[in-house]
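The values are calculated or read from the model by the stated rules, or taken from the named source; none is laboratory data. Note that the structure is a prediction, hence the values are computed from the model and not measured. As a convention, Cβ positions derive from the backbone with ideal geometry for all residues, glycine included, and neighbour counts pool all protein chains shown.
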2 protein chains.
Amino acid sequence: MHTGDSPPPERLRVLPSRLTNQAALTANRIVDHALGQAGLRRYHYALLATLDESGPASQAALGRRTGIDRSDMVATVNDLAERHLVRRSPDPDDRRRNIITITAAGGEQLVRLDALLAAAQDTFLAPLPDDDRRQLIDLLTRLVDHHGDRTARPSEGWPGLRPGT
Amino acid sequence: MHTGDSPPPERLRVLPSRLTNQAALTANRIVDHALGQAGLRRYHYALLATLDESGPASQAALGRRTGIDRSDMVATVNDLAERHLVRRSPDPDDRRRNIITITAAGGEQLVRLDALLAAAQDTFLAPLPDDDRRQLIDLLTRLVDHHGDRTARPSEGWPGLRPGT
DNA sequence: CACCAACGTTGGCGCGGCCAACGTTTTTAG
DNA sequence: CTAAAAACGTTGGCCGCGCCAACGTTGGTG
């Protein structure tokens with residue numbers, strides 16, 4: 001065997017997971033900066049946007065839609081309610097639930113936030129022409145969809161390490 | 001004017017920044033799970049990998065290469081030194097510095113981690129065929145490179161909101 | 001010599017993402 | 001109808017990551 005200087009396994013540097021994380025870090029910095037101009041954070045926007053999109057709902061339902069934990073939802077609703085961007089009222093049909101409703105002020109604020117965020121997206125995607133932006137969105141969507149509901153629960157039935165394939 | 005039911009601005013739902021963040025969340029969960037099997041976290045791996053790649057260096061230098069803050073670097077080195085995966089020795093040529101060196105045990109551990117992580121990447125990218133994986137990596141790389149050094153500092157001279165373009 | 005820069009270290013902060021537990025209310029089974 | 005199970009809101013807590021400010025020490029530069 002001729003031996004030779006075979007650069008043996010040549011480990012995979014710059015992992016895709018790290019790349020993704022770096023991109024997310026950048027995106028979040030830009031978005032946080034934008035939302036910060038309105039004194040809000042990502043959770044606040046997520047809640048307002050979901051309310052605007054799907055209408056009033058219980059905290060638990062909103063948590064399911066946004067991916068925000070029930071306990072964090074309490075605080076988020078508190079924040080927005082204090083600022084009168086959202087209203088929390090008991091559900092007469094089910095006394096366990098609160099119905100969260102976006103207020104007029106909340107709607108107006110959301111319009112402003114949407115503008116801020118649209119600009120933020122543009123800043124984030126600045127280096128990519130439209131075609132590539134679509135490509136990226138498509139790829140990420142497929143990734144996220146695939147791992148979809150596995151939104152948590154790394155325990156029950158998970159490979160975690162798959163040898164061969 | 002014929003009016004018509006124009007769905008007026010039709011705000012951009014599912015922001016690219018959010019998509020990216022979701023993907024990163026998924027990736028991090030998978031990676032954390034993998035590293036957790038070795039009782040380590042992402043910072044630990046980043047440090048070990050960088051040491052293996054670029055050789056011994058001061059904590060500050062390592063922090064610059066990995067993006068880990070100096071203060072967090074202290075803790076990370078502490079952790080790894082405790083486990084004898086890394087050695088911290090004073091630099092004789094500059095008594096401000098510590099020289100961090102990866103140990104033999106650290107090297108062996110790193111090999112294991114690399115295997116774990118390779119599998120993790122595969123899990124993460126599972127839904128994408130090889131071409132798409134390359135595409136994704138290319139796009140993310142361009143994004144990250146562009147925002148490159150702006151690795152922090154959202155203050156000094158930043159648009160944050162660009163109207164037109 | 002005085003000054004400033006770099007270094008390691010300590011201590012702290014905020015956000016996002018989690019989990020466990022409790023009391024209340026509703027639904028479902030027996 | 002009643003007992004068990006489930007859903008809900010809430011409290012309190014935990015961890016990791018990403019940050020920043022400050023200090024004492026050491027090294028370079030004017």
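Miscellaneous remarks
- Selection of the range B:133-150 for residues being at the interface with another protein chain (Cβ under 7 Å from one of its Cβ atoms) and outside any helix (DSSP H, G or I) yields only B:147.
- Restricting attention to the range A:119-132, the residues being surrounded by fewer than 17 Cβ atoms within 10 Å (Cβ to Cβ) and in a helix (DSSP H, G or I) number 3.
- The conditions of being outside any helix (DSSP H, G or I) and either facing chain A (nearest Cβ under 8 Å) or at pLDDT 95 or above (or both) are met by residue B:100.
- Unique match (being surrounded by 12 or more Cβ atoms within 10 Å (Cβ to Cβ) and within 13 Å of DNA strand D (Cβ to nearest atom)) among A:70, A:95, A:83, A:65: A:65
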